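Trainee: Sharing a structure here in structure tokens format.
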Amino acid sequence: MYLKGHFKTAVMVCLFFAVSALVTVLYGLPLEPVIYAAVLCGAVLVIFCAVDYAHYRRKISLLKSIQSNITVSTDELTEPKGEIEAAYQELVRLLNHEIRRLTSESTLRLSEMTEYYTLWAHQIKTPISAMSLLLQSQEEPSREELSAALFKIEHYVDMAIAFLRSDNISGDLLIQEYSLDAIVKQAVRKYAREFIRRKITLDYKEIDQTVITDEKWLCFVLEQLLSNALKYTREGKISIYLDEKAPSTLVVEDSGIGIQPEDIPRVFEKGFTGYNGRTDKKSTGIGLYLCKRIMSKLGHSISIESQVGAGTKLLLGMDRPELTVE
């Protein structure tokens, strides 16, 4: 790159030496002083090129070192050599200033939008709770259906809150040792009426194990998995147990419709609904994505095994978390 940038200068120097040699031959000048002068000029040229190349390398190295921080500051740019380089640097500064302005505006708008929707999600839970209490006092035949629909609305609101907070949940974490059995029972109690209404059997025995995690967020993950299991299980049972081969792995297994083999690698992708989602027409492709994201934030793992017509297993790796500060 250095030679390419100085190609014209190199050509001019070569032409200069060629013209000097031609004049020497045409006029029959003594070769000794001419060669001596050429050697001196060559030595000076080599020294000049060496110094200039060293300066060039330092400049390239500095520019590469600040490339990752160019959106933060342009103060470390080297002194420009000539008007063209100065103009380019000014252009970079103007672009950097515009990027910082747009980024600041975008961050502010996102923060305001997140704050608004979080507030809305919390406020909407109040009328949902009031409606639920009113339904409990009614005796109409449609009460159960209305209660189930209201339960779904509350579930979707909880998903919206989790989605809004999932980017940065560090400030909301309370990592300590919890009883895994208590967390599982908390999630099961929330869906107890759904189990009864759908006539789905729950196969669960007390788990005598503790885990280091965040109770609220792990409970949300279990609730989401139970919601999915109930949605795609028409009859049969849902089992929750510890894997015998890996005692630190909690398994949520259903006897539902299963997942197509080609869909399994993508079920944790944001917005992916797969064959079942396209058939059901109600899937958002957000639930498992949130579970994967939250489990990752907690330092746990989540994986899936499924077979069409034979059900699905969600495996939650509850090993000691390795949390990173955001």
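The values are calculated or read from the model by the stated rules, or taken from the named source; none is laboratory data. Every value quoted in this text rests on a predicted model; they were computed, and no experiment measured them. Note: ideal-geometry Cβ built from the backbone for every residue, glycine included; neighbour counts use all protein chains shown.
Trainee: Under 8 Å by Cβ, and 6 or more places apart or on different chains, what pairs join a residue from the stretch 162-188 that is free of Cβ contacts under 8 Å to residues at least 60 places away in the same chain with one that is surrounded by fewer than 12 Cβ atoms within 10 Å (Cβ to Cβ) and not aliphatic (A, V, I, L, M)?
Mentor: R165/D172; D181/E206; D181/D208
Trainee: Examine the stretch 205-213 for a residue that is crowded, with 19+ Cβ neighbours inside 10 Å, of a type in the set (S, T, N, Q) and closer than 22 Å to I294 by Cα, and state whether such a residue exists.
Mentor: The answer is yes; a qualifying residue exists.
Trainee: Somewhere in the stretch 227-236, is a residue over 26 Å from the mean Cα position of the chain (by Cα), among the basic types (K, R) and within 14 Å of K313 (Cβ to Cβ)?
Mentor: The answer is no; no qualifying residue exists.
Trainee: Within the stretch 101-134, which residues are closer than 29 Å to R198 by Cα and modelled with pLDDT of 70 or more?
Mentor: Residues satisfying the conditions are A121, I124, K125, T126, P127, I128, S129, A130, M131, S132, L133.
Trainee: Provide a single number: the residues in the stretch 312-326 that are at pLDDT 90 or above and buried (at least 20 other Cβ atoms within 10 Å of the Cβ).
Mentor: 3
Trainee: In the list R189, R197, R143, which residue meets the criterion of being over 21 Å from K297 (Cβ atoms), at pLDDT 90 or above and either basic (K, R) or not assigned by TED's automatic domain parsing to the domain that holds K313 (or both)?
Mentor: The unique qualifying residue is R189.
Trainee: Further, regarding this structure: Could you count how many residues in the stretch 28-66 are part of a helix (DSSP H, G or I) and at pLDDT below 75?
Mentor: 7
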